[in-house]
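The values are calculated or read from the model by the stated rules, or taken from the named source; none is laboratory data. Bear in mind that the values here come from a model prediction, so they are computed numbers and not experimental data. Positions of Cβ are backbone-derived with ideal geometry, glycine not excepted, and every protein chain shown enters the neighbour counts. Just so you know, the surface numbers come from the protein's heavy atoms only, side chains and all, with ligands and any DNA or RNA stripped out. Shrake-Rupley method; radii C 1.70, N 1.55, O 1.52, S 1.80 Å.
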Amino acid sequence: MSVVAGSGESRGVVIGVDIGTTSTKAVAYDTRGRQLATHSVGYPLDEPQPGYAEQDPQRILDAVLESIRVTVAELDRSVAGLSFGSAMHSLIGLDADGNPITPSITWADSRSSRQAERLRAVPSGLALHRRTGTPVHPMAPLPKLLWFAEQEPKLFERVSHWVGIKDWVLLRLCEVLVTDHSLASATGLMDIQQLEWDTEALAVAGITEEQLPQLVSTTTVLSGLTAEAAAATGLPEGIPVVVGAGDGPLANLGLGAVHPGMVACSIGTSGAMRVMVERPNVDPLGGVFCYALTEDRWVVGGAINNGGIVLHWAGEALAPELGAHAEPELLALAARAPVGSGGLIMLPYLLSERAPHWSALPRGAYVGLTHGHRREHLIRAALEGVCQQLAVVLASVRSAGNEVREIRASGGFARSGLWRQMLADVLGVPVSFPGGHEGSSFGAAVLGMQALGLITSIDVADDLVHIEETIRPDPAAAATYATLLPLFAELYDALVPTFTSLRRLAPNLPPEPTPTPPPM
């Protein structure tokens, strides 16, 4: 691997490239945090069978190149370098020539549910979680590797290297096969204390260290773009490329939540709660993850599968006459219902759930439905359920011994005044909403600026982020939600036997209807 040292001589513009699940976005920033140019390119999430969620790696590479090329074309100044972030937990099998022989299996893929549950059921499963920081869940590459070994053994034997989507993109752009500590900490395969591939995890997965990329720091600077990649992006050959990190830790950085006790909350299609800490720390009960940003910055928290997707479902199921893009009308309906939705509770597990139970078993449920409830109650209860699930995750973060001093929130939901107030009320603490930044792409750019010597520390992100609004809880609403939250939390355990029976009966029942994907 060839690397170059950071230099303060460049002109201070870094392009942060965020490789997401539905699109790649490239954003150019200067060292004052100002956004100078941006472009995004979408791509589909393929679901060829129930439980599958995969993508074409070449389409994602093409999107990366196009997003960078258009962003560069919009700039009127030179670029110091590129810095990358990507969705976590992806898995791709490569042949000996570095060509994909599997799709990119995303975090949303649940085909390895049985492998994950089998591993979670033995003591070594929790030990793996504590050692690697990654919950044993079908989102993670470790159970995915078990699935390939058991269900596709011939293909499994053909794979020369197992990588993530960002690893493969960097291989194509820079001709080096590396993975950063951040993405590696989300595989279930790396010891987060030693920053080395975990011998026991590799044995469970049935692979060798030689089949994985070289582990490097998130601030590693590669020697630069190849001539072919430079021509495809409009950048000079050899321009520095910073390896970067996972989108979750980068989102904390992008919100300026860089100090211990600062929590980043995001609700997009899915959602997450992450608090910054200085040393790796895993909940002994296995309720939260621990992922790296740098060697002395880690995030502890939990992700949920069901965020904005719940509002999308509510529109289709409860108000189809409103058509697509009906968020304002749906939120107006929800606002007509009282706080607490008249005693109606929704478990929003439409896509099963992750934190803090890390199980593919649960399904959504309404509890407390009466003759008096109307669709505005059902819609509001769905939104409240998303916030209540985040509150359960936050409780797990605290129970793992982490201080929570400040919460900063972002995501598509933040455009709604109703949802902003609801989140503060359910969490019972003030929530701040930064403005003007693109989250993970800004985090990638800031990390790149430090790596290239353009800023002294990623801590400057706190100064670069402008807080647009801070919402304080309404005392009466917060009291209502505080009363309901224990009921919400205990419903999961109460319904596990029902969830188990439903899955057992599923082969003998009519198939589930195919969901309509949310708009990109």
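Write down the accessible area per residue of segment 135-213 in Å², having rolled a 1.4 Å probe over the full set of protein chains. Each step should come with its number before you reach the end.
Working: 2780 Å² over 79 residues.
Heavy-atom accessible area per residue stands at 35 Å².
For the modelled label position 7 Å from the Cα of Val367 along Cα-to-Cβ, which residues of segment 467-485 have backbone nitrogen atoms closer than 18 Å?
Correct set: 480-485.
Hey, what angle do you get for helix 375-399 against the long axis of the chain, alpha-carbon based, 0 to 90 degrees rounded to 10?
Roughly 60 degrees between the two axes.
Is it possible to state the helix-based mean residue ellipticity at 222 nm for the chain, with each DSSP H run of 4+ residues giving -39500 (n - 2.57), the sum divided by total residues, to the nearest 500 deg cm²/dmol? What is it?
Values: 17 runs with 192 residues, N = 520.
It comes out at -11500 deg cm²/dmol, rounded to the nearest 500.
Students often check this: by mean Cβ neighbours within 10 Å, which of 52-61, 215-224, 305-314 ranks highest, and how do the rest follow?
Details: 52-61: 18.9, 215-224: 20.9, 305-314: 23.4.
Per-residue mean Cβ counts within 10 Å order the peptides as 305-314, 215-224, 52-61.
Rank by packing, highest mean first: peptides 323-329, 292-298, with packing defined as the count of other Cβ atoms within 10 Å averaged across residues.
Working: 323-329: 13.4, 292-298: 21.0.
By packing density, highest mean first, the sequence is 292-298, 323-329.
Quick one: if you stick a label point 7 Å off each Cα along the C-beta vector at Arg130 and Asp95, how many nm between them?
With each label point 7 Å from Cα toward Cβ, the separation is 4.4 nm.
Could you let me know the centre-to-centre spacing of segment 55-104 and segment 129-184, using Cα atoms, in angstrom?
If we compute the Cα centre of each part, the gap is 17 Å.
Which whole-number percent is the relative contact order of segment 153-298 (Cα, under 8 Å, 6+ apart)?
On the way: 218 pairs, mean separation 31.0, N = 146.
Worked out over segment 153-298, it gives 21 percent.
When mean projected area of the Cα convex hull in nm² is calculated directly from the model, which label among (1) 27.7; (2) 30.8; (3) 22.7 fits?
Only one listed value fits the structure, namely (3).
Would you list which lysines come within 19 Å of Lys144, measuring only between C-alpha atoms, while excluding same-chain residues fewer than 8 positions from it?
Hits, sequence-local ones excluded: Lys154, Lys166.
I'd like the carbon and sulfur percentage of the solvent accessible area for segment 398-520, probe radius 1.4 Å, heavy atoms only, ligands and nucleic acids excluded.
Carbon with sulfur: 56 percent of the solvent-accessible area.
At a 10 angstrom cut-off on C-beta neighbours, averaged per residue, how do the peptides 361-369, 170-178 rank from highest to lowest? Intermediate results must be reported in sequence, preceding the final value.
Values: 361-369: 17.7, 170-178: 20.2.
Ranked by mean Cβ neighbours within 10 Å, highest first: 170-178, 361-369.
Relative to the longest principal axis of the C-alpha atoms of the chain, give the angle of the C-alpha long axis of helix 165-174, reported between 0 and 90° and rounded to the nearest 10°.
20 degrees
Could you work out how much longer the chain between Ser160 and Arg374 gets when fully extended? Use 0.36 nm per residue separation minus the Cα distance between them, nm to one decimal. Present the calculation step by step, with values, prior to reporting the outcome.
Values: separation 214, 0.36 × 214 = 77.04 nm, distance 5.60 nm.
Net length gain for the segment: 71.4 nm.
If one takes the longest principal axis of the Cα atoms in the chain, at what angle in degrees, from 0 to 90 and to the nearest 10, does the Cα axis of helix 417-427 lie?
With rounding to tens, the tilt is 80 degrees.
First measure r as the distance between the Cβ atoms of Ile467 and Leu36, then evaluate 1/(1 + (r/R0)^6) with R0 = 25 Å and state the FRET efficiency to the nearest 0.05. Can you show the working numbers first?
Values: r = 22 Å, r/R0 = 0.88.
The formula returns an efficiency of 0.70 here.
Once both labels are modelled 7 Å past Cα along the beta-carbon direction, what's the Thr199-His325 spacing in nm?
5.8 nm
For the chain, with the dipole built from +1 on Lys and Arg beta-carbon atoms and -1 on Asp and Glu ones, taken about the Cα centre, which of Ala409, Thr294, Ser90 lies farthest toward the positive end?
Ala409
Can you grab the distance from the C-alpha centre of segment 236-280 to the C-alpha centre of segment 348-401, Å, no decimals?
25 Å
Determine, from the Cβ-Cβ distance of Asp474 and Ala494 and an R0 of 25 Å, the FRET efficiency 1/(1 + (r/R0)^6), rounded to the nearest 0.05.
Values: r = 29 Å, r/R0 = 1.17.
Step by step, r from the Cβ atoms, then E = 0.30.
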